[in-house]
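Since the structure comes first, as structure tokens, the remarks are kept for the end.
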Amino acid sequence: MLFLRASDEKNAMYLLLFHLEPVYSTHLDYILIQCFRVLPGYDYLITEIPTASRTSLLLRKMVRVAMREGHFLHENLYALHRIALLRHDDVELIPGSPADIPVIQHFLQGKANHKALLDAFIDSTHYRTSRQASQLHTTVFRIAGTIIGFVIFGQETNLDYLQAQYNIDDFMYIPQHREQGHLRIFHYVITPLVNSFNQFILKELLRIHNASSYFYRFYPLDQQEERNDSFVCCLENLQLVRPRYPVLKYNESGDESDWLMLPTSQARDVQPPFALFHTNRRTLYDLREDILDRIVIIGASDMSLQVLRNLSLFPHVSFTNILLIDPHGVPIIDFLDKVAANGYRSARELFTARELCQLAVPTQCQIVYGRAVTMDKENRLLHVNAKTRIPFDWMVIGTGTQFLSFNINVDTDYISTLLNENIPNKPQRRMQMKSPLNNYFVMNNAFEVDAVVKDVQALLSDPSSKGYFVVYGNALEAYGGVASLLKRGVASDEILFVNPAPAYPESATVFSSMDLERWVKSEMFSQGVVVIMEWIAVAHNEGRGGDVIETVTFWTDEATFKTYQVQAFFNYSDRQMNPYTQSFLNSAHLILDKKVVVDEQFYAYRPRIMAAGSWCKFSRRHFVSNFEFNDVNSREIGDAVSMELLKNLCPEMFLLDAKKPEEKAVVHKDITAYPKLPQFRKPVVDNIALPFGWYYCNIRSPPNPIAGTATMTSSSEPDKKSKLRMDDRRLISTGCIADGNLCEIYLDKLYLIDQIVCVTQFAPPVDTLMTIHGMHEGWLELIRRFEDGYISSFFEYFQELWLSCILYDRFPALGGELRRLLLDDRGDGNNISVLQLVVQSFQNQEMAHSPNNQTLEEIARRLRVTGINMDIEKTMENFLECNNRHLPMYAAKDNVGEQLN
């Protein structure tokens, strides 16, 4: 069924309605050719498709037309030129030559990076001035004698590094392919109207050069010209490769040395980060389904970036209509490195600059620089910057909480009648806009940090500036703020550290213990920093106002006023919801109970609107606990949100029946039918640089929401279950705080690693510590070797070659295979597996550390009789053979040889 009409444009016809039964899909090209024969005077076929539609073979032939900047519609415009209906036999692939340079120069006119592309083409075909250019190949695409594009590629020779840093094994097993059969794409340019030929061109190039796969490295946009790369036009035919995180070797200077536990020097090479895209002969024939739903992600928080990462790496599906809205966007790597060099580190900075580059955010979504103002939930319209309207099909809100500017000036006469603990930071003290004070600073992202660094440098270079640099707040970032000021050259006696909170209970300290917090503050005091507790800022400039803070008045713990002359005021008081975000949520009529209320599937009780993060909470009707999203790993929250989103967008991938989103957002009427709440397991990381040049790291298990009868508990006191959990833990530690090499490991009653606390003079190996968190200590032999005196330092112990094999990222897969073998009950009349026998032994011995000798002999006999031991040996041999180029034990000989040389 096909309906056409001539468009108002002189050279296009409009497709009104199209339907084709799947059994006749092979006749699509013939039908489209007949369309142009019916209306021979037109060269284009255009149509509009709603964003929530499913993809079809027709859309694969067409090209989506980009909307003008600042314009967003409910429908996407697709166009098809009659040249795209030519047969593949009409496409010629010929080597590039200097004679093609004038034509290529004309072809590249109007492109953003036309000069760099032309220089690369000339260098690879004519001059070949560089060694790299002499190894490149250039192929030109022609149709009917007309050049429609070209590609510049070479052989990928750095396979060891790529295998060590990226999960290429998800797509192909490299040792089974010819070493010279892997191509690296540097530039790929083609006329957009013939993008449908990309698949054929890539297949033909593999055939001509007897190759197996393609690799494309996507560097940050500001580094592509330097790396002789460009944004390729065949990116939709490539797949983003999941990065790996090998164990790093950290020396006591805090620098990352070469990649540890990798056999070859090529694999241990340190290179600038990039995102890797890949395709091969098999994946080129796999048609990925395009999801046309417009997914709007508000806020570039860690949770939002994790949702974007999971959507980008989801196999067999391509999300082509994702928007990320943030006032600052996503910072580039050079900007983040500059901020890190100035000493600022977020306490829970999960996405590093390297990971952001490996994610390739510009290729996965469209970034909208702006702030969400209002939302029309009925028509699914989002207003950005009060002038841009963005229609959406799904929305994920992940703005997070921030340090906010607050009004320092309050009624001092009223304050004098209260005690300090009765003077909270009330919402009416928040400023509803950016602070008008020139030397009042809050730092929530890399952009604000960079601006503050410049302002601090200006204050230090101004000889007329006098007074204290006031660091005000009780957050862990406040200690990092003091460290960054000291690193910038501020004298320690010019820093005033004010903690406005009253005396903390043991469960509320920002450190792992109150004793550690007292020790940190005493060390700051010994370094010359002025440390003050329980003071409240009540006025600046003695109430006169002004654009610059000259003095700040505090209400002291002795019920008196104290005034200090200041140069700058840094606010690190409690994080709160941004006023702009709160105004936006009010316009959406979401349920607010101090925080946004969400259900167990992270729906904000509105269809197609999901929310999660530190500013959200579960509904009171189906859970009771002191649970806060602040105490959960942001990445794990992002995993849970993206999984719920994928279940609605791709139900067939999860073997689910497609349901309307409206059915998923219904409030539970029966309060006794408690739904299953998500359980969180990934560790929470607090990592900060201390003011005296040391580092603090706390990796701990998150709490989980508990469904049950609604009873109110005090948020300042831990409940009985948490107290029992703390009392049942066992502590083993090495080093001491005085020497700067403290490492404490807490084991729960199941001998699982529950918490790791480090205070060191060098940057702790956070990646390694996060890997071992949650492991059973038996894998690492911690207790036995610690009690035997073999472990003198956990940092040195975790870098041993045999142990780093367990930290290998593919080791959990091996553990799952071994668990499957141990659950096998073959050859036993009682149908009891070896693993069940071990569990019974633990239960009979009341959770003893290890089974007795009699049980061990029975386990050995069972393994020998059933033949499971042979299967275990075979599984281990296969694991070592498949990963011998990456496992640490194979690096020992190479490392010794390098040391001798």
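The values are calculated or read from the model by the stated rules, or taken from the named source; none is laboratory data. These numbers come from a predicted model, not from an experiment. Backbone-built Cβ (ideal geometry, glycine too); neighbour counts: all protein chains shown. These area figures cover heavy atoms from the full protein model, side chains too; ligands, DNA and RNA do not enter into them. Shrake-Rupley method; radii C 1.70, N 1.55, O 1.52, S 1.80 Å.
Model label sites at Asn586 and Ile33, defined 7 Å from Cα along the beta-carbon direction, differ in position by 6.4 nm. First measure r as the distance between the Cβ atoms of Ser526 and Asp767, then evaluate 1/(1 + (r/R0)^6) with R0 = 35 Å and state the FRET efficiency to the nearest 0.05. About 0.65, to the nearest 0.05. Normalising by residue count, the range 452-588 has a Cα convex hull of 158 Å³ per residue.
Given a Förster distance of 41 Å, report the FRET efficiency between Trp802 and Leu287 from their Cβ-Cβ distance, rounded to the nearest 0.05.
Working: r = 45 Å, r/R0 = 1.09.
Efficiency computed from Cβ-Cβ geometry: 0.35.
Here the gap between Met653 and Glu781, fully extended at 0.36 nm per residue and compared with their Cα-Cα distance, gives a gain of 42.1 nm. Spin-label pair Asn438-Arg178: with each label point 7 Å from Cα along the Cα-Cβ axis, the two points sit 6.9 nm from one another.
Summing +1 for each Lys or Arg and -1 for each Asp or Glu among the other residues whose beta-carbon sits under 12 angstrom from that of Thr553 gives 0. Among 770-783, 47-60, 168-181, sorting by the average number of other beta carbon atoms lying within 10 angstrom of each residue, highest first, gives 770-783, 47-60, 168-181. Take the Cα of Cys736, step 7 Å toward its Cβ, do the same at Tyr24, and the gap between the two points is 8.7 nm.
Within the set Lys647/Lys676; Lys617/Lys647; Lys466/Lys562; Lys676/Lys749; Lys617/Lys676; Lys487/Lys521, which residue pairs have Cα atoms separated by over 20 Å? Beyond 20 Å between Cα atoms: Lys617/Lys647; Lys676/Lys749. Protection proxy ranking of 604-613, 443-452, 585-594, by the mean of other Cβ atoms within 10 Å over each peptide's residues and highest first, is 604-613, 443-452, 585-594.
Treat every Asp and Glu Cβ in the range 86-194 as -1 and every Lys and Arg Cβ as +1, leave all other atoms uncharged, and give the resulting dipole magnitude about the Cα centre to the nearest 20 debye.
Values: 8 positive and 11 negative charges, 71 e Å.
Once rounded to the nearest 20, the dipole reads 340 debye.
For the range 2-85, the per residue solvent-accessible surface stands at 63 Å², with DNA, RNA and ligands left out and a 1.4 Å probe.
At a Förster distance of 51 Å, what's the computed FRET efficiency of Asn878 paired with Ser465, Cβ-Cβ distance as r, to 0.05?
Details: r = 67 Å, r/R0 = 1.31.
Taking R0 as 51 Å, the efficiency between Asn878 and Ser465 is 0.15.
The length gained on full extension between Lys487 and Ala66, counted as 0.36 nm times the residue separation minus their Cα-Cα distance, comes to 146.9 nm. Among 21-27, 479-485, the peptide with the highest mean count of other Cβ atoms within 10 Å heads the list, and the full ranking is 479-485, 21-27. Could you estimate the translational diffusion coefficient of the range 46-136 from the Stokes-Einstein equation, with Rh from the Kirkwood formula over C-alpha pairs, at 10 °C and 1.306 mPa s, in whole µm²/s? For the chosen part, D equals 94 µm²/s.
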